[in-house]
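Enquirer: First the structure, which I've put down as structure tokens, then a few questions once you've had a look.
A short reminder: the numbers here are calculations on the coordinates, not readings from a lab. Model, not experiment: these values are computed from the prediction. So basically every Cβ, Gly included, is an ideal-geometry build from the backbone, and we count neighbours across all protein chains shown.
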Amino acid sequence: MILVFGGTTEGKKVAGILEQHARHYYYSTKTAIDFKGGTYGQYRHGAMTTEDLQAFCVTQGVKAIVHASHPFATVLHETIHTGAQALSLPVFRFERSYPEKQEHPLIIYVDAYQAATDWLEQHPVKRLLALTGVQTITALENYWRQHATIFRILPRESSLALAKAAGFPEQDLIMEMPGDDLQQESALIQQYQIGAILTKESGNPGFFLPRSGPPLKMIYPY
């Protein structure tokens, strides 16, 4: 039995590979998603503590973990590291590829969300578009309570519930999947009069790397 932490493009690839090779596995995500496991996959969801992870692995006879979750899932990274070490389980990290950082006067790389909001405080914009995910609404609360901010989040009831629980106004949410249609993205920026985009440097799956000189500030906490 293999335990796959997914919820990402990489996770789906891992599940497909395991199906092809007739390997039994559990596919695990923090929030419920529409996952079809095929012949060999079973699905579970819900956050795990280190103790939960160890108990699950022992009960289900897990012999290896494939860590294909989002690169910014810092709590899960630590949980997998600690839990796997305690059980002496091998962990295989299926990491996405990252393009080289682009040099451009309108692209700003920062090392934390606080650094991003500090920069925005010093360089005010009319409205910020945050593409950092519903989990970061709380982390950015001090900023969006004082400055016009739009969050684009996944079109899931669970994501909407998290946003509401954080106190973020529903009218300032865009519930859409990310896309690679440049005209659609440009229209959205114009519609909401966006002055800057805050996004995570999370590789090609996010579709947000500028193809040429971007029209506005792109801020990457990495």
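Enquirer: Can you compute the charge dipole magnitude of the stretch 60-152 about its Cα centre, using +1 on each Lys and Arg Cβ and -1 on each Asp and Glu Cβ, nothing else charged? Give it in debye, rounded to the nearest 20.
Expert: Taking the Cα centre of the stretch 60-152 as origin, the dipole is about 340 debye.
Enquirer: Toward the positive end of the charge dipole of the stretch 19-96, about the Cα centre and with charges on Cβ (Lys, Arg +1; Asp, Glu -1), which of 35, 47, 22 goes farthest?
Expert: So the residue we want is 22.
Enquirer: Working from Cα positions, state the angle (0 to 90°, nearest 10) between the long axis of helix 9-20 and the longest principal axis of the chain.
Expert: 30 degrees
Enquirer: Could you rank the peptides 27-35, 182-190, 126-134 by their average count of other C-beta atoms within 10 Å per residue, with the highest value first?
Expert: 126-134, 27-35, 182-190
Enquirer: Magnitude of the Cβ-charge dipole of the chain, K/R +1 and D/E -1, about the Cα centre, nearest 20 debye?
Expert: Charge dipole, the chain, about its Cα centre: 360 debye, nearest 20.
Enquirer: Another question about this same structure. Determine, from the Cβ-Cβ distance of residue 19 and residue 74 and an R0 of 41 Å, the FRET efficiency 1/(1 + (r/R0)^6), rounded to the nearest 0.05.
Expert: According to the calculation, E is roughly 0.90.
Enquirer: Right, something else. Pairs of alpha-carbon atoms within less than 8 angstrom and 6+ residues apart define the contacts here; what relative contact order does the chain have, in percent?
Expert: 19 percent
Enquirer: Once label points are set 7 Å from the Cα along Cα→Cβ at both residue 86 and residue 191, what is their separation, rounded to one decimal in nm?
Expert: 4.7 nm
Enquirer: Against the longest principal axis of the chain, how steep is helix 74-87, in degrees 0 to 90 to the nearest 10, with axes from Cα atoms?
Expert: The helix 74-87 is inclined about 20 degrees to the chain.
Enquirer: Please give the FRET efficiency for residue 172 paired with residue 121, using the beta carbon to beta carbon distance and R0 = 22 Å, rounded to the nearest 0.05.
Expert: Taking R0 as 22 Å, the efficiency between residue 172 and residue 121 is 0.70.
Enquirer: A further question on this structure: List the lysines whose alpha-carbon lies under 19 Å from that of residue 126, not counting same-chain residues fewer than 8 positions away?
Expert: Leaving aside lysines fewer than 8 places away in the same chain, those within reach of residue 126 are 217.
Enquirer: I've got another one for you. Give the lysines whose C-alpha is closer than 23 Å to that of residue 13, dropping any in the same chain fewer than 8 places away, or say none.
Expert: 30, 36, 63, 200
Enquirer: Go ahead and estimate [θ] at 222 nm for the chain from helices alone: -39,500 (n - 2.57) per DSSP H run with n ≥ 4, summed, over the residue count, rounded to 500.
Expert: -9500 deg cm²/dmol
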